[in-house]
1. Please go through (1) under 30 Å from E162 (Cα atoms); (2) at pLDDT 95 or above for S2 and return the number of the only condition it doesn't satisfy.
2. If you check D9, D44, which single one turns out to be in contact with a Leu (Cβ under 8 Å, 6 or more places away or on another chain) and modelled with pLDDT under 95?
3. Exactly one condition in (1) exposed (fewer than 14 other Cβ atoms within 10 Å of the Cβ); (2) within 15 Å of ligand 1 (Cβ to nearest atom) is false for D206; which is it?
4. Does any residue in region 29-50 that is farther than 20 Å from P145 by Cα come within less than 7 Å, Cβ to Cβ, of a residue that is basic (K, R) and surrounded by 17 or more Cβ atoms within 10 Å (Cβ to Cβ) six or more places away or on a different chain, and which pairs are these?
5. Would you confirm whether any residue within region 152-175 is crowded, with 18+ Cβ neighbours inside 10 Å, within 13 Å of P123 (Cβ to Cβ) and in contact (Cβ under 8 Å) with a residue 60 or more places away in the chain?
6. Being hydrophobic (A, V, I, L, M, F, W, C) and within 16 Å of ligand 2 (Cβ to nearest atom) is the filter here; which residues of region 78-114 pass it?
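The values are calculated or read from the model by the stated rules, or taken from the named source; none is laboratory data. These figures come from a predicted structure and were not determined experimentally. Ideal geometry is used to build each Cβ from the backbone, glycine not excepted, and the neighbour counts take in all protein chains shown.
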Amino acid sequence: MSPHRPQADKLSASIMCSRLGELANEVCKLEAAGIDSIHVDVMDGHFVPNLTFGPDIVAVLRCATSLPLHVHLMVTDPGAYVRRFAEAGANSVYFHIEAERYPWRLAAQIGEAGMTPGIALNPSTAVDLIRHIDVPHVLVMAVEPGFAGQRWLPPTVHRVRELSQITRGRVGIGVDGNVSPENAALAKAAGASLFVCGTSSLFSGDDYASEVRRMRTALSFDESPSRHSAS
Ligand code: DX5
Ligand code: ZN
């Protein structure tokens, strides 16, 4: 259980899982359904074997919603795109620590561009690395990055708990990949407070509002210590 009072739970819609042919309409529906932010997966075909969106799509999303836009950079040179995404209207940028030799410098560059920096960790990257860098948000990948619809990797809950113990409330912890309501509840009990919702929750049905309610219900359990006594 998180040693500190958890931040309010935030649901972030992974827009790559939406009906891309009607993107602006999808974003309006997600906003009406009660989503807290939009998660934009940017892939360059090098850091991950897939290609998705660029700054121009973020600019379209910016015109369609006032929700915070979180860009998840799965690219080999994240620093090359900071200015472009800032100009497009992104609010946060998560970069992969595996793709960046100077994370302090890049986090500062993102902040100077007016966005909030975050670090994403691949499933096999030691969470202990976060001990040595100060960013407000960390995204723990529950799957190998690059594709939606994958399976939650079992060590994820332990990794979230370990990260929560290391950082002791100084970072907001998110999970990304196969975040079903059941997996979200496990991650929250370990210390997560941001949940990237994709094909295993929000986009598993047509009624976004009921999927949001289902996720909020799964996350609404009692945080008191008795709830998590060893069982
Ligand atoms: C994977 C992306 C995730 C993914 C989530 O590389 O970072 O955001 O789109 O999709 P699901 O929830 O289906 O795994
Ligand atoms: Zn993502």
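1. Exception for S2: condition (2).
2. Details: D44 fails: modelled with pLDDT under 95.
D9 is the lone residue from the list that is in contact with a Leu (Cβ under 8 Å, 6 or more places away or on another chain) and modelled with pLDDT under 95.
3. (2)
4. D36/K10
5. No, there is no match, as no residue in region 152-175 is crowded, with 18+ Cβ neighbours inside 10 Å, within 13 Å of P123 (Cβ to Cβ) and in contact (Cβ under 8 Å) with a residue 60 or more places away in the chain.
6. Restricting attention to region 78-114, the residues satisfying the condition of being hydrophobic (A, V, I, L, M, F, W, C) are 80, 82, 85-86, 88, 90, 93, 95, 97, 99, 104, 106-108, 110, 113.
The answer is F85, A90, V93, F95, I97, A99.
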